[in-house]
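What follows is a set of notes on a single structure, which appears directly below.
The values are calculated or read from the model by the stated rules, or taken from the named source; none is laboratory data. What you see is a predicted model, and the numbers here were worked out from it, not measured in a lab. Counting neighbours? That spans all protein chains shown, and the Cβs are built from the backbone with ideal geometry, glycine included. For accessibility, only protein heavy atoms count, side chains too; no ligands or nucleic acids. Shrake-Rupley method; radii C 1.70, N 1.55, O 1.52, S 1.80 Å.
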Amino acid sequence: MSKAYLILENGEIFEGERIGSDRDTVGELVFTTGMAGYTETLTDPSYAGQIVMQTFPLIGNYGITKEDFEGKCALKGYIVRELCETPSNFRCEDTAGRFLKDNDIPGICGIDTRAVTKIIREEGVMNAAICSGISDEELRSIKSRLSGYKASDVVAQVSRSGISVFPAKGHKMYDVTLIDYGAKKNIITSLQNLNCDVKVVPYDTPAENILAGCPDGIMLSNGPGDPKDNSYSIEQIKKLLGKVPVFGICLGHQLTALAMGGETIKLKYGHRGANQPVKEVYGCRTYITSQNHGYAVVSESLRGVGREIFYNANDMSCEGMEYPEKMCFTVQFHPEACGGPKDTGFLFGKFIDLMRRNK
């Protein structure tokens, strides 16, 4: 492997070895704490525009299996401490290194990921570059790109361009329209397993077209980027709320809050991993959840409009909202998690119950 460098926006440089594509890249550097589920991380569209660093030191030990893909790989770059190129797993179809090459994703290994994680936790999320050279001229060029980088139009990049229909696994009971802002495959699978036909539509589908299909319910998917950048989608959600039951996940949660007149903020370093503790507001349960987001809903901005139903036990940020008068509830975490805990899968049942009562 050839030499490569990770350059942070704050000026710090880490030397390592090149993995994946040989090209240089710039993106927003984030870390994820999952000990497993790296295949799901690599194929999660919500990481569009970001360089993802795994805090668990060994990645690739069980290889890559296409059945576990959540979507199309959209990362800007990938960072690991140690990359295993000799996986041991009867389901293995490929190695993580070849997957990165095949998908043209630049990466770096052999750096102190613990040290980089501590920098992000202390200073916050920042832009970074993975490159092959650090001459004075190259550094000047990279620093200019770092200061000017912002992930933009990322929802448009990862949303599908046409309509797809996925039939229920059993006897069809409900028709659900899923708006694809970068939807993970397992959201569709979870609905299919609950006797739903799922029509997946692009992010920019007009509300009138969605309602014309007479769905029993509407799902608002996860997705990448700053929720405030999606003004068109927010306006369409305003037209949908109150018409049929709505369930929003991750970006869908944030867009719904903005559609209801609420606010969102950028977190210092976000929540990314499969071990985020979430507590009930009106109960005593704590759930371990899978999450991937850098923004949060400000629950106080929705006082009198909706009510907070979950919060993060680590930083008290909002993890779920309910809008009873609009037949709508949303969560920040991923109840459909495949590469993580499934403690909150019951929320799909809550959505089914909403549709049953509205029929």
**Request:** Could you tell me what percent of the accessible area of the chain is made up of carbon and sulfur, with a 1.4 Å probe and every protein chain present?
**Result:** 48
**Asked** Once phi is turned into ³J(HN,Hα) by the Karplus curve 6.51 cos²θ - 1.76 cosθ + 1.60 with θ = phi - 60°, what whole-Hz value does each residue of segment 9-14 show in order, with x for glycine and proline?
**Response** 4, 7, x, 6, 10, 10
**Percent antiparallel among DSSP beta bridges (both partners in the chain, rounded to 5)** = 55
**Request:** Write down the percent of antiparallel bridges among all DSSP beta bridges whose residues are both part of segment 24-166, to the nearest 5.
**Result:** 30
**Prompt:** Over the Cα atoms of the chain, what Rg and Dmax result, in angstrom?
**Reply:** 20.3, 66
**Request:** Based on alpha-carbon positions alone, could you give the equivalent ellipsoid semi-axes of segment 1-159 from the gyration tensor, as √(5λ), descending, whole Å?
**Result:** 24, 17, 14
**Message:** Could you report the chain's accessible area per residue, 1.4 Å probe, as an integer in Å²?
**Reply:** 42
**Message:** Tell me the relative contact order for the chain as a rounded percent, counting alpha carbon contacts under 8 Å between residues six or more apart.
**Reply:** 15
**Message:** Residue by residue through segment 53-65, what is 3J(HN,Hα) from phi via Karplus (6.51 cos²θ - 1.76 cosθ + 1.60, θ = phi - 60°)? Round to whole Hz and write x for glycine and proline.
**Reply:** 10, 8, 7, 5, x, 10, 10, x, 5, 10, x, 10, 10
**Prompt:** In the chain, with Lys and Arg counted as +1 and Asp and Glu as -1 at Cβ, which of these residues, 7, 351, 262, has the Cα nearest the positive end of the dipole, that is, farthest along it?
**Reply:** 351
**Asked** In whole Hz, what ³J(HN,Hα) sequence does segment 325-332 give by Karplus (6.51, -1.76, 1.60; θ = phi - 60°), x for Gly and Pro?
**Response** 5, 9, 6, 9, 9, 9, 9, 7
**Prompt:** Under the rule of -39500 (n - 2.57) per DSSP H run of 4 or more residues, summed and divided by the residues of the chain, what mean residue ellipticity at 222 nm is obtained, to the nearest 500 deg cm²/dmol?
**Reply:** -6500 deg cm²/dmol
**Asked** For the charge dipole of the chain, defined by +1 on Lys and Arg C-beta atoms and -1 on Asp and Glu C-beta atoms about the Cα centroid, which residue among 149, 275, 117 has the Cα displaced farthest towards the positive pole?
**Response** 275
**Prompt:** Based on the alpha-carbon gyration tensor of segment 283-356 and its eigenvalue square roots a ≥ b ≥ c, which shape applies: rounded if a/c is under 1.5, prolate if not and a/b is larger than b/c, or oblate?
**Reply:** oblate
**Item:** Alpha carbon convex hull of segment 165-260, projected area averaged over orientations, nm²
**Value:** 5.3
**Prompt:** Within segment 205-303, how many Lys pairs sit with Cα atoms under 24 Å apart, leaving out pairs fewer than 8 places apart on the same chain?
**Reply:** 8
**Prompt:** Using +1 on the beta carbon of Lys and Arg, -1 on that of Asp and Glu, and nothing else charged, what's the dipole of segment 34-180 about the Cα centre, debye to 20?
**Reply:** 200
**Prompt:** Which whole-number value in Å³ per residue fits the convex hull of the alpha carbons of segment 49-130?
**Reply:** 98
**Asked** Using modelled amide H (1.01 Å from N, peptide plane; none on Pro or chain starts), what sits under 5 Å from the amide H of residue 264, excluding residues fewer than 5 places away?
**Response** 298
**Amide H within-cut-off set for residue 203, under 5 Å, with H built and near neighbours excluded** = 160, 180
**Prompt:** Expressed as a rounded percentage, what relative contact order does segment 6-140 have, with Cα pairs under 8 Å and six or more residues apart?
**Reply:** 35
**Request:** Could you grab the relative contact order for segment 203-248? Cα pairs under 8 Å, six or more apart, rounded to a whole percent.
**Result:** 62
**Complete:** So residue 265 and residue 145, fully extended at 0.36 nm per residue minus their Cα-Cα distance, gain in nm 40.7 nm
**Request:** Give me the orientation-averaged projected area of the Cα convex hull of segment 199-344, in nm², one decimal.
**Result:** 8.3
**Asked** What is the projected area of the convex hull of the Cα atoms of segment 25-70, averaged over all directions, in nm²?
**Response** 3.5
**Request:** For segment 1-79, take the alpha-carbon Rg, divide it by the Kirkwood Rh, and send me Rg/Rh.
**Result:** 0.95
**Fill in**
Per the charge dipole of segment 161-226 (beta-carbon charges, Lys/Arg positive, Asp/Glu negative, Cα centre), the residue among 186, 162, 214 reaching farthest to the positive end is 186
